[in-house]
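As structure tokens, the structure follows; a few thoughts come after it.
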Amino acid sequence: MRKSLLSKAVTAVCATVMCLGVTACGGNSSAKSDKSNSDSSSSSEKIGMHQIAGVTAKGELGKKPTVSFKTPMTVEDNSYVVLQKGDGAQIEDGDRVCSQGIAISVKDGSELDSTWEKNTPDCSTVVTSDTSQMTENYYKIFKSLKLNSTVAFGVNDSNSSGTSYLMVLTLVSKSKALKKATGEKVADIPADLPKVTLAKDGKPSIDMNGYKGSDSLISQDLIKGKGAVVKDTQSVVAHYTGWLLDGTQFDSSWDRGQSSAFSLDSVIKGWKQGLAGHTVGSQVLLVVPPSLGYGNKDQEKIPANSTLVFVVDILAAY
């Protein structure tokens with residue numbers, strides 16, 4: 001999906017601030033076979049978010065739904081409606097949920113984007129009661145659902161790009177979310193590489209050990225995970241820290257308190273090549289030469305022609 005639409009929807013779902021008040025309310029109706037929400041008013045009271053009225057969905061559970069509503073329609077941020085109740089496993093605390101999505105214009109009902117055709121679900125949503133990662137309202141919504149459910153969220157872009165839409169998410173799979181690398185420590189790490197030490201929470205620190213860098217990419221498992229093999233066409237969820245060769249740290253998801261999700265097509269070549277072939281749950285030491293990093297261009301805290309050293313915990317791939 002286009003980054004502008006998907007990123008805003010994910011931000012809404014995983015917002016770190018409390019949801020704003022909205023004005024639209026009401027229920028929805030759909031065919032009985034679609035298992036639509038029949039207790040919308042009580043659900044809205046429990047969750048504290050108003051529901052979007054007049055939207056229905058038809059189709060086989062867990063497949064791309066056909067969504068209908070009268071256009072043009074007004075939609076508010078942080079509004080929602082459950083369009084189909086799923087028949088799969090219950091969503092639980094600590095689940096990483098993968099969703100196929102459709103962005104539908106509320107002006108004319110046109111489809112703005114979809115992950116279904118290329119089968120590229122987003123798996124960046126972690127269901128947690130930690131309000132620094134997910135608001136209480138969204139937590140309650142996801143906890144109330146089962147796999148194969150379809151839920152629509154309102155996104156009001158009237159004050160920015162002028163495109164307001166429904167982000168229609170179908171929950172297609174789940175797994176337990178990793179918080180750090182898990183697996184077996186690798187014993188035969190070359191002695192001349194930088195030395196990595198881990199805090200109790202998994203955050204790495206580094207001793208460059210006199211290391212002077214490499215003209216070629218180094219991609220060394222420090223911990224070998226037992227998950228699926230990462231493909232270079234996938235998106236990855238990771239915790240990471242990056243340093244220059246002199247030991248200066250220039251970036252860390254650990255310091256931000258939240259892992260990062262990104263497509264391997266959108267990062268430097270050293271990450272795309274260096275993470276592919278490793279397994280989910282692994283911790284990988286990457287040494288990225290300038291030719292596979294940022295080359296002869298400055299990049300914020302990174303000087304031109306810098307060799308970059310990363311420690312990356314691969315938490316998920318999809």
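The values are calculated or read from the model by the stated rules, or taken from the named source; none is laboratory data. Just so it is clear, the model here is predicted, and its values are computed rather than measured. When we count neighbours, we look across all protein chains shown, and the Cβ atoms used for this are built from the backbone with ideal geometry, even at glycine. Areas reflect the complete protein model, heavy atoms only, side chains present, ligands, DNA and RNA absent. Shrake-Rupley method; radii C 1.70, N 1.55, O 1.52, S 1.80 Å.
A few comments on the model shown:
- Within this structure, D255 fails the test of being more than 23 Å from S291 (Cβ to Cβ), touching a Phe, Trp or Tyr at 6+ places or on another chain (Cβ under 9 Å), of a type outside the set (S, T, N, Q) and open to solvent by 70 Å² or more (accessible area, probe 1.4 Å).
- Within the range 99-112, the set of residues being surrounded by fewer than 20 Cβ atoms within 10 Å (Cβ to Cβ) and at negative phi comprises S105, K107, D108, S110, E111, L112.
- Annotation: of all residues in the range 85-98 being among the hydrophobic types (A, V, I, L, M, F, W, C) and more than 15 Å from the chain's Cα centre (by Cα), the one that is surrounded by the most Cβ atoms within 10 Å (Cβ to Cβ) is I91.
Condition check ((1) within 20 Å of D95 (Cα to Cα); (2) crowded, with 16+ Cβ neighbours inside 10 Å) across all residues:
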site	(1), (2)
D207	no, no
Q220	no, yes
K226	yes, no
T233	no, no
H239	yes, yes
L244	no, yes
D251	no, yes
K272	no, yes
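- Against the list (1) part of a strand (DSSP E or B); (2) touching a helix residue (DSSP H, G or I) at 6+ places or on another chain (Cβ under 8 Å); (3) loosely packed, with under 15 Cβ neighbours inside 10 Å, the condition F262 fails is (2).
- Hits in the range 114-151 - residues which are crowded, with 19+ Cβ neighbours inside 10 Å and assigned to a strand (DSSP E or B): D122, C123, S124, T125, V126, T150, V151
- Pairs where the first residue, in the range 55-74, is touching a residue at least 60 places away in the same chain (Cβ under 8 Å) and assigned to a loop (DSSP other than H, G, I, E, B) and the second is of a type in the set (K, R) and open to solvent by 30 Å² or more (accessible area, probe 1.4 Å), C-beta under 8 Å, 6+ apart: L61/K35; P65/K58
Quick grid of which residues meet (1) open to solvent by 10 Å² or more (accessible area, probe 1.4 Å); (2) in contact (Cβ under 8 Å) with a residue 24 or more places away in the chain:
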residue: V280; (1), (2): yes, yes
residue: L286; (1), (2): no, yes
residue: P290; (1), (2): yes, no
residue: G295; (1), (2): yes, no
residue: Q299; (1), (2): yes, no
residue: N305; (1), (2): yes, no
residue: V311; (1), (2): no, yes
residue: Y318; (1), (2): yes, yes
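- Selection within the range 106-129 - within 16 Å of the chain's Cα centre (by Cα) and among the charged types (D, E, K, R): D122
- L198 meets all of the listed conditions (1) open to solvent by 60 Å² or more (accessible area, probe 1.4 Å); (2) hydrophobic (A, V, I, L, M, F, W, C); (3) more than 29 Å from V127 (Cα to Cα) but one, namely (3).
- Of all the residues in the range 94-113, those that are outside any strand (DSSP E or B) and among the hydrophobic types (A, V, I, L, M, F, W, C) number 1.
- Positions within the range 38-73 being surrounded by 14 or more Cβ atoms within 10 Å (Cβ to Cβ), among the β-branched types (V, I, T) and at pLDDT 90 or above, in sequence order: I52, V55, T56, V67
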